[in-house]
Amino acid sequence: MIDNRLLNYLDRRWYNISKFTDRRDLVGWLLDYMKKYNISDRYKEQIYNVVFKLPKKTDLQKERFIRYYGLQPTEFKKETLSAIAREQHCTPNAVRSSVISIRIAMFRIHDEDFSILEKIYEEYHK
């Protein structure tokens, strides 16, 4: 017979894995959409603010992500990995690593910040 504590643990674990997978899928879809299409400047500013508040990420990682997805307020110009790398005197792979690091960090943001991403997702994923 399975212990109730074990069942509760498995339920919580499944919920956390499911929640993480849902977040990963939502962030992935939203960022892929942003790379291919333009979203409103208002939404770009909201995503910029979410990224800017990420803990445990360097300013350089955040800057590379923001430039790659064109989230700079007032400019909103998307740049290639190569263009960012040339200006920062590094390899495109270093820039790519920074972008991926921020992308992964976005899966784990606070619920209130994630709700901003959900609203944007709902607006464009119809």
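Counting residues that are at pLDDT 95 or above and surrounded by 15 or more Cβ atoms within 10 Å (Cβ to Cβ), which helices (runs of 4 or more DSSP H) fully inside region 1-99 reach at least 3?
41-52, 59-69, 81-88
Which residue pairs have Cβ atoms closer than 7 Å, lie 6 or more positions apart in sequence or on different chains, and pair a first residue in region 83-105 that is in contact (Cβ under 8 Å) with a residue 60 or more places away in the chain with a second residue that is open to solvent by less than 40 Å² (accessible area, probe 1.4 Å) and of a type outside the set (Val, Ile, Thr)?
Close Cβ pairs (under 7 Å, with a partner that is open to solvent by less than 40 Å² (accessible area, probe 1.4 Å) and of a type outside the set (Val, Ile, Thr)) amount to Arg103/Leu31.
The values are calculated or read from the model by the stated rules, or taken from the named source; none is laboratory data. A quick note: this is a predicted structure, and the numbers were derived from the prediction, not measured. Ideal geometry is used to build each Cβ from the backbone, glycine not excepted, and the neighbour counts take in all protein chains shown. Ligands, DNA and RNA are stripped out before the accessible areas are found, and what is left, the full protein with its side chains, is counted by its heavy atoms. Shrake-Rupley method; radii C 1.70, N 1.55, O 1.52, S 1.80 Å.
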